[in-house]
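Everything below concerns the one structure shown next.
The values are calculated or read from the model by the stated rules, or taken from the named source; none is laboratory data. Here the structure is a predicted model, which is why all the values come from computation and not from measurement. So basically every Cβ, Gly included, is an ideal-geometry build from the backbone, and we count neighbours across all protein chains shown. All accessible areas refer to the heavy atoms of the entire protein, side chains included, with ligands and DNA or RNA removed. Shrake-Rupley method; radii C 1.70, N 1.55, O 1.52, S 1.80 Å.
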Amino acid sequence: TNCDLHKAISAGTFREDLFYRLSVFSITLPPLRERRSDIPHITDRLLTQINRQFEQEEPGYTHKSLSASATAFVKQQPWPGNVRQLYNVLSQAAVLADGATLGRGDLASALGQLPSDGGPHDATATVNLGDGFVLDDYLNRLQSQLLQRALQQAKGNKAKAARLLGIENYQTLAARLKRLGVAENDKSME
């Protein structure tokens, strides 16, 4: 169970005699978010299992592996569903990915990350602070994604993209694009 049965016994919601009948051997396993260094090893093991299973079920299945950015992404996630959630995300990414290497985007899509509306379920709530987190890098990535999205919506028109972002003029937008190294001639804008 994922419930603290000792607390449940104290609260009177679980029978103490039943606990001692059932609790022949107990293992306390901390959640993934508390053992980040184990996540890459667990991920590799799960992906090996998924590859074997899919190979048996689907002739011609191409074994998947994780890119370095995907491994870093997996390590940064809070995984509230623990190993089950990680397994499901890897399975979905393996099914939907085009290539043999799963990238950060494949896993983010499988995880169902949506842009935040700033509401109570803000995406920043899932960002793990510490363990190599650098605020400036995170903010630059976020800004780059929003700049690319605005350019795509504006079909490459910098003045329109600047207005979408609430930036006073397209020169300011152009300077940010250059500073962050955002490609302005994305194929999806054509």
Practice task
Treat every Asp and Glu Cβ in the chain as -1 and every Lys and Arg Cβ as +1, leave all other atoms uncharged, and give the resulting dipole magnitude about the Cα centre to the nearest 20 debye.
Solution key: 420
Exercise for the section: Please go through region 6-61 and write out the chymotrypsin sites (Phe, Trp or Tyr not before Pro) that DSSP classes as loop and that have at most 10 other C-beta atoms within 10 Å. Expected result: F25
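Given a 1.4 Å probe, how much area per residue of the chain is accessible, in Å²?
Working: 13150 Å² over 190 residues.
Computed with neighbouring chains in place, this is 69 Å² per residue.
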Practice task
Select from region 1-47 those trypsin sites (Lys or Arg not before Pro) which occupy a DSSP coil region and have at most 14 other Cβ atoms within 10 Å, ordered by residue number.
Solution key: R15, R35
Handout entry: Heavy-atom accessible surface of the chain: percent carbon and sulfur, 1.4 Å
Key = 51
Handout entry: Amide H within-cut-off set for T101, under 5 Å, with H built and near neighbours excluded
Key = S65
Exercise for the section: Give the angle, between 0 and 90 degrees and rounded to the nearest 10, that separates the Cα long axis of helix 170-180 from the longest principal axis of the Cα atoms of the chain. Expected result: 50
Handout entry: Given (1) 72, 48, 25; (2) 63, 36, 28; (3) 53, 38, 26, the label whose value is Cα extents along the principal axes in Å derived from this model
Key = (1)
Problem - Lys/Arg +1, Asp/Glu -1 at C-beta; region 1-58 dipole; positive extreme among C3, T13, L46 - result: T13
Handout entry: Residue order for Y170, Y138 - accessible surface, 1.4 angstrom probe, largest first
Key = Y170, Y138
